[in-house]
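**Q** Here it is, the structure in full.
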Amino acid sequence: MDPIDAAHAVVEEHHPDARAAFLGGSVITDRRTATSDLDIVVLLHGAPAPYRLSLHEHDWPVELLVHTEESWHAFVEREVRNRRSPLMWMCANGVLLVDRDGVGARISVQAKSLAAAGPAPVSVEEIDDRRYALTDLLDDLAGCTDQGERLYICIELARRTAELSLALNSAWNGGGKWLARRLDAAAPGMSARLHNGVRQALAGRASPLVAVVDEVLDQAGGRLWVGYRRSGTP
């Protein structure tokens, strides 16, 4: 079944009284794969929202994200503070399946506005935290003699470098494949260079990965170790 038709059927079967519903995610783009699922956001008047449920219906894996208008705002506000909001993007770029009272159109406009505005600026403290973490990982990589440990050091270096690059570019963060996609949009070519660097480092040649990490670190002020300090909380 077509993904939009399948999403309509899922909403009708599970929440025929829904105020609004959206279909978002990769399934509505040209990046859809054989394992893409239906990410469906549903807006209800009240209980049993909010909740999420994973299903397999109409030959599709389904992620059902059910909210009230109030809980949608609360979840998105929290996600936006973390510079990463899948829920916002599902409604900003998604297909509006149902809109019985105008809340869907309203949420769509608000989501698009938030997405276009971009995340809040990153604090100096957060940038320094990221510089420190990357410096520590680079030291770990330089001294690493265990192939298993090297794998996870390289993975962390790639992820944290991507996240720092996005922060420096005032871009939204992402997870998994969306981290790569956000990075491709904000810093074209960086994801491919990180990929190549990790492959080379796992083969015993760390310099290409170190060079990419240092390039991003230099944009933030360089490596940071001596003098880094954070006060503890009571």
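The values are calculated or read from the model by the stated rules, or taken from the named source; none is laboratory data. All of these numbers come straight from a predicted model, not from anything done at the bench. A quick note on method: Cβ atoms are made from the backbone with ideal geometry, for glycine too, and the neighbour counts reach across all protein chains shown. Side chains are part of the model used for accessible areas, which takes the heavy atoms of the whole protein and leaves out ligands, DNA and RNA. Shrake-Rupley method; radii C 1.70, N 1.55, O 1.52, S 1.80 Å.
**Q** Towards the positive end of the charge dipole of the chain, with charges on Cβ (+1 Lys, Arg; -1 Asp, Glu), say which of V62, A167, V216 has the farthest Cα.
**A** Comparing the listed Cα positions along the dipole, V216 ranks first.
**Q** Report, as a whole number in µm² per second, the diffusion coefficient that Stokes-Einstein gives for segment 86-168 at 4 °C and 1.567 mPa s using the Kirkwood radius over alpha carbon pairs.
**A** 81 µm²/s
**Q** Say R0 is 45 Å: what FRET efficiency, to the nearest 0.05, do R32 and N196 get from their beta-carbon distance?
**A** 0.95
**Q** Also, I was wondering about something else. Could you check how much of the accessible area of segment 1-120 is carbon and sulfur, as a whole percent, using a 1.4 Å probe?
**A** 52 percent
**Q** Please report the relative contact order for the chain, taking Cα pairs under 8 Å with a sequence separation of at least 6, and give it as a percent rounded to a whole number.
**A** 15 percent
**Q** How far, in degrees from 0 to 90, does helix 147-168 lean away from the longest principal axis of the Cα atoms of the chain, to the nearest 10?
**A** Taking the Cα atoms of the chain, the angle to 147-168 is about 70 degrees.
**Q** With springs connecting C-alpha atoms under 10 Å apart, model the chain as a Gaussian network and identify which of R160, R205, R181 has the largest mean-square fluctuation.
**A** Its mean-square fluctuation being the largest, the pick is R205.
**Q** Counting heavy atoms of the protein chains only and a 1.4 Å probe, report the per residue accessible area for the chain as a whole number of Å².
**A** Spelled out: the 1.4 Å probe surface of the chain, per residue, equals 52 Å².
**Q** Still on this structure: Which number do you get for Rg(Cα) / (2.2 N^0.38 Å) in segment 107-214?
**A** Output field value: 1.18.
**Q** Given springs between every Cα pair under 10 Å in a Gaussian network model of the chain, which of A34, A158, A105 has the largest fluctuation?
**A** Sorting by GNM fluctuation, first place goes to A34.
**Q** Next question. For segment 160-234, which whole percent of the accessible surface, found with a 1.4 angstrom probe, sits on carbon and sulfur atoms?
**A** The value for segment 160-234 is 51 percent carbon and sulfur by accessible area.
**Q** Still on this structure, I have one more. Helix 177-186 against the longest principal axis of the chain: what's the angle in degrees, Cα atoms only, rounded to the nearest 10?
**A** Roughly 70 degrees between the two axes.
**Q** Here's something else I'd like to know. Could you give me the percent of Cα pairs per 5 Å distance bin for segment 1-131, shortest bin first, beginning at zero and ending with the bin that holds the maximum distance?
**A** Values per bin, smallest distances first: 2, 10, 20, 22, 18, 12, 7, 4, 3, 1.
**Q** Taking the Cβ of F75 as the centre, find all other residues whose Cβ is under 13 Å away and add up their charges (Lys, Arg: +1; Asp, Glu: -1).
**A** Residues near F75 contribute 0 overall.
**Q** Which number do you get for Rg(Cα) / (2.2 N^0.38 Å) in the chain?
**A** So the chain has a normalised radius of gyration of 1.19.
**Q** What angle, in degrees between 0 and 90 and rounded to the nearest 10, separates the Cα long axis of helix 3-14 from the longest principal axis of the Cα atoms of the chain?
**A** Rounded to the nearest ten degrees, it is 60.
**Q** Looking only at chymotrypsin sites (Phe, Trp or Tyr not before Pro) in DSSP loops with at most 15 other Cβ atoms within 10 Å, what is the longest site-free stretch of the chain?
**A** 1-224
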